[in-house]
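Notes to accompany the following structure.
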Amino acid sequence: MNNILLYVALGLGIVFLVLLILAIAGKGETLRKWLGPIGGLVIAIVAIFGISQAGGGDALKKIREENARLEKELAALNERSEKLKSEHEQEKAAYEAKANALQVQLDEQEGERKELEKKLRDLAALSPMEWLKSLKPDEIAKIKEEINKDIDWI
C-alpha cells in the first residue's frame, strides 16, 4: 500500500512538472493565465514533493535503518572501549603497586648491602686479634661449629 501511494505521488509530481514546463514555455497560454505565477510555484512544489517522496522513500528508510545499525555498532564499540580502558587502568594500578613493592624491597636490600660493606671494611681494617675480640659469643659458636665440621670430615 505504501509503495502504491509513492508511485501515485511520483505520477502526480511528473504530471504537475510537465504542466509547469508547458506553462513556462508558453505552450499552454490559457494554462499560464489560469495558473498565474503563484499557481506555477505551487505546481513546482507539489512536483518536487511527489518526486522526492516516490524516489526517496525507500532510500530514506534504508538510510535510517543503516544509521540505526551504525549507531548500535558505535554504542557497542564505545562500551567495549570503556571496558578495555577500565581493564587497562586496573592492570596499570596492579603493575604500579607491584613495582612500588619491588622498589621498597630493593631499597631495603640496598641498605643491608651498604651495612654489610661498611662492616666488612671495618673488619678488614682490624687486626686478627681485634677481630676476634669484636666477635659476639653466638658468632664465635658458629665459627667453632664450622671448624668442628671440617675436623670431623678429615
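The values are calculated or read from the model by the stated rules, or taken from the named source; none is laboratory data. Please read these numbers as outputs of a predicted model, since none were measured by experiment. Cβ coordinates were reconstructed from backbone atoms using ideal geometry, including for glycine residues, and neighbour counts include every protein chain displayed.
Here are some notes:
- Filtering region 122-138 to residues that are part of a helix (DSSP H, G or I) and exposed (fewer than 10 other Cβ atoms within 10 Å of the Cβ) leaves ALA124, ALA125, PRO128, MET129, LYS133, PRO137, ASP138.
- Enumeration of residues in region 136-154 that are aliphatic (A, V, I, L, M) and at pLDDT below 80: ILE151, ILE154
- Positions within region 52-106 being over 26 Å from the mean Cα position of the chain (by Cα), of a type outside the set (Gly, Ala, Ser) and at pLDDT 95 or above, in sequence order: ASN100, LEU102, GLN103, VAL104, GLN105, LEU106
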